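Colleague: Pasting a structure here, questions to come.
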């Protein structure tokens with residue numbers, strides 16, 4: 001068993017990962033706490049115990065469109081007392097701005113594909129005190145939430161939790177490196193936040209989903225040594241062809257080099273999606289309402305372009321991409337199916353409306369889970 005007074009611990013990691021690391025190293029726990037996780041999804045009544053955490057699912061059942069504390073999370077605290085982080089230099093390597101319970105809520109949101117957010121501690125257990133614990137609500141806050149319309153959501157499926165493999169996924173978490181654990185929790189937070197605001201602010205949800213993939217894409221990037229012209233010609237073929245026709249190889253090479261940071265970021269993102277993309281959904285609408293999986297890279301490239309224009313130029317996402325999908329039987333459409341659409345003083349033709357929000361969420365979640373599975377292999 002580890003000596004509780006021994007070495008200083010590098011805290012540049014998620015608190016939940018550090019706690020699990022200390023559990024695996026045999027550091028004794030002298031206290032624990034229970035936290036409430038809120039969701040609008042129905043979860044089957046079950047219990048999961050693994051490592052230093054214990055989950056009771058189905059402790060409440062939300063009314064449709066509302067949230068409830070449907071998951072109770074108990075965490076055995078194996079962390080030592082920490083001094084203030086040294087302040088000789090700026091250090092944000094492990095900065096998440098999340099509590100230990102919300103880190104795990106973000107991971108559970110990614111695992112289940114549903115909205116989950118922690119409200120804070122509800123009960124505290126200390127060695128030598130009442131084994132039933134002490135109610136502890138003074139830091140507890142139910143998450144802000146606006147009740148949702150019951151029918152025709154913008155993001156169908158976010159109120160349905162797939163909990164069958166939750167334990168298996170959580171057991172992959174402590175197998176990650178310190179750096180990968182930070183990247184995963186940051187990505188999971190972006191994914192969770194995308195679901196949380198999807199019905200009230202779908203444009204913000206799009207931004208969160210794209211950002212969720214960028215951190216892991218950076219960690220898995222292998223394009224640093226590639227030829228700038230090759231990257232440019234792959235990601236901007238029309239412009240590359242025009243530059244070469246008007247100025248030859250020298251102009252193409254010069255422009256490719258200058259635009260390399262922008263194009264490389266796009267290339268890195270698209271390579272990540274290409275490598276880790278999930279299989280098409282098992283239940284799909286008619287073919288005319290499907291995302292063509294053989295053209296997935298091109299469709300995701302359009303999404304990335306819209307995200308960049310939204311961030312850097314203030315150009316809003318196309319309205320049809322932020323609207324409610326039509327309900328095909330038995331599943332919603334994956335893409336807007338009109339030949340063209342107009343809103344206010346703007347119009348979009350079908351080829352420029354690549355998919356609905358929930359489909360990009362499906363792709364993003366699938367990529368993140370596939371990446372998590374790969375980096376957690378021993």
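The values are calculated or read from the model by the stated rules, or taken from the named source; none is laboratory data. Note that the structure is predicted; figures quoted are calculated from it, not measured. Cβ sites come from the backbone with ideal geometry, for glycine too, and all protein chains shown count toward neighbours.
Colleague: Any chance you could count how many residues in segment 323-360 are in contact with a helix residue (DSSP H, G or I) (Cβ under 6 Å, 6 or more places away or on another chain) and in a helix (DSSP H, G or I)?
Modeller: 2
Colleague: Ok, one more. Tally time: how many residues in segment 99-128 are touching a strand residue (DSSP E or B) at 6+ places or on another chain (Cβ under 9 Å) and not in a helix (DSSP H, G or I)?
Modeller: Residues meeting the conditions: 16.
Colleague: Quick test for you: out of 18, 104, 36, pick the one residue that is buried (at least 20 other Cβ atoms within 10 Å of the Cβ) and in contact with a helix residue (DSSP H, G or I) (Cβ under 7 Å, 6 or more places away or on another chain).
Modeller: It is 104.
Colleague: Another one. From the list 99, 92, which residue is within 23 Å of the chain's Cα centre (by Cα) and under 30 Å from residue 199 (Cβ atoms)?
Modeller: On inspection, the qualifying residue turns out to be 99.
Colleague: Take segment 324-335 and flag every residue that is farther than 15 Å from residue 202 by Cα and in contact with a strand residue (DSSP E or B) (Cβ under 9 Å, 6 or more places away or on another chain).
Modeller: 326, 333
Colleague: Is it the case that residue 49 is surrounded by fewer than 20 Cβ atoms within 10 Å (Cβ to Cβ), farther than 23 Å from residue 161 by Cα and either assigned by TED's automatic domain parsing to the domain that holds residue 106 or at pLDDT 90 or above (or both)?
Modeller: Taking the combined requirement at face value, the residue does not satisfy it.
Colleague: Would you mention how many residues in segment 306-320 are out of contact with any strand residue (DSSP E or B) (no Cβ under 9 Å at 6 or more places or on another chain), surrounded by 14 or more Cβ atoms within 10 Å (Cβ to Cβ) and either modelled with pLDDT under 95 or closer than 11 Å to residue 341 by Cα (or both)?
Modeller: 1
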